[in-house]
Amino acid sequence: MNKESFSYLVAHPDEIGKNDLEALEQIARAYPYFQLAHTLVAKGYYHFKNEALANEKISHAAAYSINRNGLRKIITEQFSNDTHAGAQIDTAYLHRVKERVEAQNQQHFKNEELLQASLSHEESLLESIARRQQQQLDIINTFIEKDPGLIRTSKSQLQHTPQNEDLAAPSTQPKHVIITENYAKILTMQGKFQKAIEVYQKLILKFPEKKAYFAEKIREIQ
């Protein structure tokens with residue numbers, strides 16, 4: 001329903017048709033605080049003699065009405081104060097309703113403007129982030145183009161590194177093995193018999209006076 005049709009029904013509520021009634025109900029659902037729409041819906045049902053629905057719609061319209069006496073007059077066409085025969089609506093009541101609706105519409109448009117401004121700000125922020133990311137990528141690509149040798153060197157170093165090589169081995173392995181009898185006993189307990197024998201043999205050279213003792217240890221291991 002366009003503005004002109006709605007304005008005509010406001011001035012001529014007795015001419016509300018069934019198609020108009022459906023359109024008016026859509027407006028009332030879309031704008032629940034639009035008092036005049038609820039009033040015209042109630043008037044339409046009253047006009048079509050649908051008593052059950054008319055009472056329901058009139059009660060609903062009354063909940064939003066700022067002048068229930070004016071609402072009653074519009075619904076039942078009971079106007080007083082010798083108004084002329086063509087008068088169909090309490091103009092003072094409609095004027096107040098119109099002011100209320102206009103205020104609501106202004107607030108609605110204001111909210112729409114705020115929403116659009118917020119969305120525009122978010123879009124600008126996302127675009128700014130995207131531009132910065134692209135600039136960073138451009139800097140990286142430019143650096144690679146100017147010095148591609150850095151990338152090739154890194155790749156060649158990785159390719160020539162043995163896959164199973166323990167890079168930490170040189171720092172973790174002892175450079176000097178301490179030759180002691182206790183060390184030989186530990187090797188024996190660990191089942192490293194050949195290494196234990198080698199340690200005992202070195203101990204014989206280091207302590208020749210204990211040759212017989214160390215030789216006995218070697219025979220025990222063998």
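Tabulated data
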read-out	value
Approximate spin-label separation SER118-GLU209, in nm, with each point projected 7 Å along Cα-to-Cβ	9.6
Added length on full extension, which subtracts the Cα-Cα distance from 0.36 nm per residue, ALA52 to ALA11	12.2 nm
Cβ-Cβ FRET estimate between ASN19 and ARG96, R0 fixed at 35 Å, reported to 0.05	0.75
Cut-off 13 Å between beta-carbons: net charge of the residues surrounding LYS202, Lys and Arg +1, Asp and Glu -1	+3
Nonlocal Lys pairs with alpha-carbon distance under 12 Å, the stretch 174-221 (8 or more apart, or different chains)	4
Residues LYS18, LYS206, sorted so that the one with the fewest Cβ neighbours within 10 Å comes first	LYS18, LYS206
Projected label distance in nm at GLN133 and PHE193, using a 7 Å step from Cα toward the beta-carbon	6.7
Compactness index (Cα Rg / 2.2 N^0.38 Å), the stretch 4-73	0.98
Separation of the ALA30 and LYS202 label points, Cα + 7 Å toward Cβ, nm	9.7
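A short reminder: the numbers here are calculations on the coordinates, not readings from a lab. None of these values were measured; they are calculated from a predicted model. Glycine also receives a Cβ, built like all others from the backbone with ideal geometry; neighbour counts cover every protein chain displayed.
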